[in-house]
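One structure is given below, represented as structure tokens, and several questions about it will come after.
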There are 4 protein chains.
Amino acid sequence: MSPPRGVSTRRVHDSLDSIVDHLRGAHRDLDDAQARRFLEALLEAKRIFVMGAGRSGLVGRAFAMRLMHLGFPVYVVGETTTPSVRRGDLVVAISGSGKTLSIVELGRTAREIGARLALVTAQRQSPLADMSHAVLVVKGPPASTGPNDYLARRMRGEYKSLTPLGTLFELTAMVVLDALIAQLMALTGSRESQMKKRHAVLE
Amino acid sequence: MSPPRGVSTRRVHDSLDSIVDHLRGAHRDLDDAQARRFLEALLEAKRIFVMGAGRSGLVGRAFAMRLMHLGFPVYVVGETTTPSVRRGDLVVAISGSGKTLSIVELGRTAREIGARLALVTAQRQSPLADMSHAVLVVKGPPASTGPNDYLARRMRGEYKSLTPLGTLFELTAMVVLDALIAQLMALTGSRESQMKKRHAVLE
Amino acid sequence: MSPPRGVSTRRVHDSLDSIVDHLRGAHRDLDDAQARRFLEALLEAKRIFVMGAGRSGLVGRAFAMRLMHLGFPVYVVGETTTPSVRRGDLVVAISGSGKTLSIVELGRTAREIGARLALVTAQRQSPLADMSHAVLVVKGPPASTGPNDYLARRMRGEYKSLTPLGTLFELTAMVVLDALIAQLMALTGSRESQMKKRHAVLE
Amino acid sequence: MSPPRGVSTRRVHDSLDSIVDHLRGAHRDLDDAQARRFLEALLEAKRIFVMGAGRSGLVGRAFAMRLMHLGFPVYVVGETTTPSVRRGDLVVAISGSGKTLSIVELGRTAREIGARLALVTAQRQSPLADMSHAVLVVKGPPASTGPNDYLARRMRGEYKSLTPLGTLFELTAMVVLDALIAQLMALTGSRESQMKKRHAVLE
């Protein structure tokens, strides 16, 4: 028997296990009242503006695209024809730490203008959470810390190398926001066929 | 006792269940040889160019950002300072159907130039798959079709309204690509602290 | 007297001379009837979609931003929340050659949908011009070819090195489109103060 | 004889006159020593990062694209695979007022990291100018104020409606930066044919 050829894929599987476990935990931990307030903020908004830095910004854009498919008047902060935010608008921020500098600044400006702020974050206690009208905490199980400190740290190191930097937050935020889209479809009576028609054909 | 007030969140939970189930199924179905070839194509490339339309494009950008954190020379097709593709480069396409028109055209051009093509898709049989050197099929369980045609269609309708349009493909592609990043970390001996240093501070 | 130190700036001045000369010539050559039809197409459009490749795309975005400041419903093709084009919409294409492949494809799709097409180009005879409802040719003086072929070619080479690739078209298109904005301000009774209010504050 | 039909184009021509006049004045006012220092900063930089808000950001991107065509290692701040700025890098900021909030913040961060800062602006006295190693002031003739204050203000109002908001700065910056490109072509011995080869074919 010859050994398997080529590069290993063991960590692909370990990482997939970690991610799916985390998402299941994030579902378990999802606060229903928070989700409700977040949905209501979206439904009550005159217009919706989405923002986030780095990969969180990409997650925000994926959410914004679906809101557009549902017919919401929605813009991405920083894109070319995004107009000025006004009173009555909702600004949706995606920030795992809740303290991304540029996003905190933008959030402050949005509040001064009189817009409402909705936050998707992993940190309930944070500058952005403090200034937001609706906070949706998306967070799964951190490695359960056992009695053995050394082992716990080692496990946590391994865990991080399977999902580096903000990976788990970004994936969880994307999945939870897509689940909100499913609810918004029902709440707005939208059908997939209508969403398809709004889907950009020039791209 | 008064009933809970506000909008329903039932579909948020149903959608999360569908998504997590799908991801678990996609993990089960992942073809190890395909993943290996995809990783090898990334490791052998002189430079990497990522492309995709709509939300698949956003997933591609999230992947490209992590490749940059790992120190790969990587570009997103269509961004400002992305140079011309040459022989020896790898173009990574993200396309659920494998037949997105603009991406097929770009793929053809890339091949003519002598670049290699790697595809993340849900369809093994497709124009893009036919012209690619490495194809990674990411796909979970479609609603298992039972004997009762009516019921199957009804279930499928419900299923789709919980994850409209390309949602399941986009989420699965994002998760699987993040799992590949975990493997690439190990293969390139990268640590999270190094990735953090490469993380953009101006944004 | 010591000579000036550091790098030369002679070509900065030669290039500025070439550009300003070209713009003056482009103003002289501007076809009034074309400009009128272009303005009318913009005013009659239900919604406006702007597209272009490379630097022409950036010029298009600069134009789209000003149309937004004027209150027009305007989108950039390829941005996140840009909806699908429909009958009654106007697609504005920027293409110096009038035959940029991706833009020709998008133009064809726009026409099939029943949208109108307006083109800013340097080439009156081109695939995009042939399919457009309004064509605005922006073009200044090419180096006037004299009797001496060798000299003419040499001059043209010098000329090109002062304004490489599409530089003259891109600058001329940007300037002419900004001049159309001035006319649209008057035609729509917009004031600069109103435009300032629409200017994005979050960016 | 029937009068000409359709919308007026008078302001198109008035605006073109204003713009070409302004550009000629900006050429006259260009400080040679400033241009030289700016070119030297570009040539000495390990890597170049370009940033600007709104239309100034688009002008920056047009400049970055040409630097890429010339073979410079150049990135646009905020794009997907833009790495972290380090000591030895040059950050190029485009800001008419020299005090755009987000750009001032980014400039401060860049300086703290040990990067150099080069500014294109219309205001010599400004927060960004104060922190920059190279400042290129691009500025043409404001309406020359005559003895009659009322008339001067009225003329200035008219003037502004022909080139609203930052139009004159943005166009002047774009033209001057393109003139720097012509000089950089000579300084780096680049030919247009080489630039064409670096031009993106996938877009």
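The values are calculated or read from the model by the stated rules, or taken from the named source; none is laboratory data. This is a predicted model, so every value here is computed, not measured. When we count neighbours, we look across all protein chains shown, and the Cβ atoms used for this are built from the backbone with ideal geometry, even at glycine.
For residue B:10, state whether it is in contact (Cβ under 8 Å) with a residue 60 or more places away in the chain and facing chain A (nearest Cβ under 9 Å).
When the stated conditions are applied, residue B:10 does not pass them.
For the range D:22-132, list the helices (runs of 4 or more DSSP H) that sit wholly inside it and hold at least 1 residues that are out of contact with any helix residue (DSSP H, G or I) (no Cβ under 7 Å at 6 or more places or on another chain) and at the interface with another protein chain (Cβ under 10 Å from one of its Cβ atoms); which are they?
Correct list: D:32-44, D:54-69, D:101-113.
Of everything in the range D:114-144, what is at pLDDT below 95 and crowded, with 18+ Cβ neighbours inside 10 Å? Give them in sequence order.
D:139, D:140
Report, by residue number, each residue of the range D:13-60 that is within 30 Å of residue C:180 (Cα to Cα) and in contact with a strand residue (DSSP E or B) (Cβ under 6 Å, 6 or more places away or on another chain).
Within the range D:13-60, D:50, D:51, D:52, D:56, D:59, D:60 qualify.
May I ask you to verify whether residue D:16 is closer than 28 Å to residue C:42 by Cα, more than 14 Å from the chain's Cα centre (by Cα) and aliphatic (A, V, I, L, M)?
Yes.
Out of the residues in the range A:186-200 meeting the condition of being hydrophobic (A, V, I, L, M, F, W, C) and out of contact with any helix residue (DSSP H, G or I) (no Cβ under 6 Å at 6 or more places or on another chain), tell me which one is surrounded by the fewest Cβ atoms within 10 Å (Cβ to Cβ).
Filtering the range A:186-200 for residues that are hydrophobic (A, V, I, L, M, F, W, C) and out of contact with any helix residue (DSSP H, G or I) (no Cβ under 6 Å at 6 or more places or on another chain), the one surrounded by the fewest Cβ atoms within 10 Å (Cβ to Cβ) comes out as A:187.
Across the range B:83-101, which residue is nearest to residue C:108 (Cα to Cα) among those that are surrounded by 23 or more Cβ atoms within 10 Å (Cβ to Cβ) and touching an Asp or Glu at 6+ places or on another chain (Cβ under 8 Å)?
Applying the filter and picking the extreme gives B:96.
Among the residues of the range C:145-203, how many are at pLDDT below 95, in a helix (DSSP H, G or I) and of a type in the set (Asp, Glu)?
Count: 3.
For the structure I just gave you, tell me whether residue A:45 is more than 29 Å from residue B:25 (Cα to Cα), in contact (Cβ under 8 Å) with a residue 60 or more places away in the chain and under 17 Å from the mean Cα position of the chain (by Cα).
no
Within the range D:182-201, track down each residue that is closer than 22 Å to residue B:79 by Cα and at the interface with chain C (Cβ under 9 Å from one of its Cβ atoms).
D:192, D:195, D:196, D:199, D:200
Which one of these is surrounded by fewer than 19 Cβ atoms within 10 Å (Cβ to Cβ) and farther than 24 Å from residue D:133 by Cβ: D:55, D:11, D:28?
D:28
Which one of the conditions (1) at pLDDT 95 or above; (2) over 23 Å from residue A:102 (Cβ atoms) does residue D:64 fail to meet, given that it meets all the rest?
For residue D:64, the exception is condition (2).
Sticking with this structure for a sec: Please give the number of the condition residue D:6 fails out of (1) of a type in the set (Gly, Ala, Ser); (2) surrounded by fewer than 22 Cβ atoms within 10 Å (Cβ to Cβ); (3) at pLDDT 95 or above.
(3)
Say we look at the range D:100-144 and pick out the residues that are under 29 Å from residue C:20 (Cβ atoms) and of a type in the set (Lys, Arg); which of these is nearest to the chain's Cα centre (by Cα)?
Ranking the qualifying residues of the range D:100-144, first place goes to D:139.
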